[in-house]
Amino acid sequence: MKKGIHPENYRLVAFKDMSNDDVFITKSTVETKETIMHEGVEYPVFKMEISRTSHPFYTGKSKLIDTAGRIDKFKTKYAKHAK
């Protein structure tokens, strides 16, 4: 491996899936200001909207995640054209 191109600040970080509250711990260099208690240990936390535990490809279940009402905006915008 080339020297000096890899970060040195790896640490344990909690990644939290906000759609199902699943938390997993892995080493990362991601910057975060929040922390979370997981199994009695405090970790820096990185919040995600979707992960392998909630993605339809991995779960086999279709789930509609509508953030900020995008589907409703689309329907009202194009409702006048659907005659």
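Once backbone amide H atoms are built at 1.01 Å from N, His38 has Tyr43 as its partners under 5 Å, excluding neighbours fewer than 5 places away on the same chain. Note that region 1-57 presents 78 Å² accessible area per residue, ligands and nucleic acids not counted, probe 1.4 Å. The aspartates and glutamates within cross-link reach of Lys75, meaning a Cα-to-Cα straight distance under 19 Å and a gap of 8 or more places when in the same chain, are Asp66. Between the amide H of Phe46 and those of Ala14, Phe15, Lys16, distances stay under 5 Å, these residues lying 5 or more places away or on another chain, with hydrogens modeled in the peptide plane.
The phi-based Karplus calculation (6.51 cos²θ - 1.76 cosθ + 1.60; θ = phi - 60°) puts the 3J(HN,Hα) values of region 27-34 at 7, 7, 10, 4, 8, 8, 9, 8 Hz, whole numbers, x for Gly and Pro. In order along region 69-74, phi translates into HN-Hα couplings of x, 4, 5, 5, 4, 5 Hz, rounded to whole numbers, per the Karplus curve 6.51 cos²θ - 1.76 cosθ + 1.60 with θ = phi - 60° and x for Gly and Pro.
The values are calculated or read from the model by the stated rules, or taken from the named source; none is laboratory data. Owing to the predicted nature of the structure, the values given are computational and were not obtained by experimental measurement. To get the accessible areas, we keep the full protein, side chains included, count just its heavy atoms, and leave off ligands, DNA and RNA. Shrake-Rupley method; radii C 1.70, N 1.55, O 1.52, S 1.80 Å.
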